[in-house]
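Visitor: Input: one structure, supplied below.
The values are calculated or read from the model by the stated rules, or taken from the named source; none is laboratory data. Keep in mind the model is a prediction, meaning the values are calculated, not measured. Every residue, glycine as well, gets a Cβ built from its backbone with ideal geometry; the counts of neighbours run over all protein chains shown. These area figures cover heavy atoms from the full protein model, side chains too; ligands, DNA and RNA do not enter into them. Shrake-Rupley method; radii C 1.70, N 1.55, O 1.52, S 1.80 Å.
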Amino acid sequence: KEKFAKKLESVFLIRVQVPKNIDLNHYFEIMNTRGEQLELHEIAKAKLLEVLKTDQDKHVGAMIWDTCSNMNSYVQMNFDPNHRKLLFTHNWSSLQSKIESFDTIVDQIDNEQSTSQPKTSLLDILNSSKTPDTKSKELEDENERFESTISFPNFLLQVNAVLKDPNSNSSLDDKHFLQTLEWSWTSPDNAKHFLFTLLKCRVLYDKYIVKREFAKDYKETGKWSLQRLEKYRDTKRTSDKPAYVQTLKLERQNQTLRMLQSCLRITYTSPKTMHWISLVLHYLLNVKNTDLIKLLEQYCCKKVSESNYETKSGFEIERIVFSYLDYLIFRDGYSYKDEQLVFPLNDNWQFQFRNSIEHFYPQHPIDGAVWKYHDLHGFGNLALITVSGNSKFSNLSPLSKIDSYPNLIKQSLKLTIMQAMTSSSEEKWTTEKANEHQREMNAILQKDLTKYASQEIQTTP
């Protein structure tokens, strides 16, 4: 008995949270036979903590890492309530101004109190329905409510890009994950700098980068969300709880920025192409009163201009051209023959994940003549919709598409305009209308491209 009890002193109990609906028997079998290999970001954490000198530094470093790693909740809610009170402003919205470095966080936290946990017997743990680190109900609800744009390993690369070079095309590539981050654990100062920037970026990311929100009418499908966290007092339960309010004070600006970011999100779906996120974080960290709408419009115009879309046709035209055009139509509205087809900032419309270029007049029509190459594949005859939508449209005529699938038409504001042009007077989509539409859409794009043409994106303040 004594020998067995002595052995238990060196036993560690580790709680492993597995994905929902996993086959537990299969998981148990894998863990028993070959174990679970450390992921690269877990190796990075170990290397960062290894270079920190004191136990207190290691504790704070681990706390920052662990709270930032849960990407599907606002980072403030991942902190212990006492630490939340020490580190964040009264309303929880931002880090306190006195939190200026990693060392100031260490100073704020009583190491003795935060690291020493009361000893719990094995019998108490087994008899308890909760593990010591069971999350609060509020945090569980939040994890189900929000979905981050990127995963934690990708976020680490974003932070690295902010610190090194927001313009580097390779900085977000995870092929050389450990080599990319290696500089951060070459010294205690580098490790502290990276960890503190990680926390600052995570607070800014939650506040200023769009998420998917699954709540109320959008519990199943989700909607784009740009909100910051604020504390409110639940007077009935006399407790503090999180509330979510629009990030920018003016609703019009918040709406515009949310739509602009969702335009970029559905266009650049691979994490290694999401340079716009590190650009935003870089500016928020280094430039006061950053105009994010101007910054991202400028970024989009640069991408559209670099695509040389006017010299291309069909599937050669890059997706950002279609997405940014839809954003501009959303932002400014659109009238056709004195009829307001699209009202500015209409909140009933939002971007969907679309990556399929649709020919409104089909390439292989069921009935009717085949258009000439220039007209068929011209920008005026094209729109961006979902793959499933493209499959349904197939080779139907424009009028048949409008009659049979009105909801698919609404996926694209450009396509909505093409519908209105088809339904007017002659009730037919012609090469003349396609060319007229192309000229008008080019004019909308050129207006913004001209405005930002002489302005370079400055990544160094």
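Visitor: Any chance you could count how many residues in the range 404-416 are closer than 24 Å to Thr267 by Cα and assigned to a helix (DSSP H, G or I)?
Guide: Matching residues across the range 404-416 total 8.
Visitor: Any residue at all in the range 354-370 that's at pLDDT below 95, under 30 Å from Val159 (Cα atoms) and open to solvent by less than 80 Å² (accessible area, probe 1.4 Å)?
Guide: The answer is yes; a qualifying residue exists.
Visitor: While we're here: Condition check: closer than 20 Å to Ala420 by Cβ and surrounded by 15 or more Cβ atoms within 10 Å (Cβ to Cβ). Does Tyr324 satisfy that?
Guide: So Tyr324 fails the test.
Visitor: Let me ask you something else. In the range 279-303, what count of residues is obtained for those that are at pLDDT 95 or above, more than 14 Å from Gln253 (Cα to Cα) and β-branched (Val, Ile, Thr)?
Guide: 1
Visitor: Kindly indicate which of Lys428, Lys401 is part of a helix (DSSP H, G or I), farther than 30 Å from Gln298 by Cα and of a type outside the set (Val, Ile, Thr).
Guide: Lys401
Visitor: Return the only residue of Ser307, Ser394 being over 21 Å from Met441 (Cα atoms) and out of contact with any Leu (no Cβ under 7 Å at 6 or more places or on another chain).
Guide: Ser394
Visitor: Residues in the range 189-198: is at least one over 24 Å from Thr67 (Cα atoms) and over 21 Å from the mean Cα position of the chain (by Cα)?
Guide: no
Visitor: So Asp124 fits all but one of (1) at pLDDT 70 or above; (2) under 25 Å from the mean Cα position of the chain (by Cα); (3) in a helix (DSSP H, G or I); what number is the exception?
Guide: It is condition (2) that Asp124 fails.
Visitor: Go through the range 321-353 and count every residue that is at pLDDT 95 or above and charged (D, E, K, R).
Guide: 3
Visitor: With respect to Ile105, is the statement that it is closer than 22 Å to Thr149 by Cα and of a type in the set (A, V, I, L, M, F, W, C) true?
Guide: Here the answer is no, as Ile105 does not meet what is asked.
Visitor: Give the number of residues within the range 89-103 that are without any contact (Cβ under 8 Å) to a residue 40 or more places away in the chain and open to solvent by less than 30 Å² (accessible area, probe 1.4 Å).
Guide: 1
Visitor: Quick check on the range 276-318: of everything there that is free of Cβ contacts under 8 Å to residues at least 24 places away in the same chain and either hydrophobic (A, V, I, L, M, F, W, C) or more than 30 Å from Leu376 (Cβ to Cβ) (or both), which residue is least open to solvent (accessible area, probe 1.4 Å)?
Guide: Within the range 276-318, the match that is least open to solvent (accessible area, probe 1.4 Å) is Trp276.
Visitor: Within the range 277-299, identify whether any single residue is more than 27 Å from Phe79 (Cβ to Cβ), in contact with an Asp or Glu (Cβ under 7 Å, 6 or more places away or on another chain) and not hydrophobic (A, V, I, L, M, F, W, C), and answer yes or no.
Guide: yes
Visitor: How about the range 275-394: which strands (runs of 3 or more DSSP E) wholly inside it have at least 1 residues that are over 29 Å from Cys201 (Cα atoms) and within 26 Å of the chain's Cα centre (by Cα)?
Guide: In the range 275-394, the matching strands (runs of 3 or more DSSP E) lie at 356-359, 382-385.
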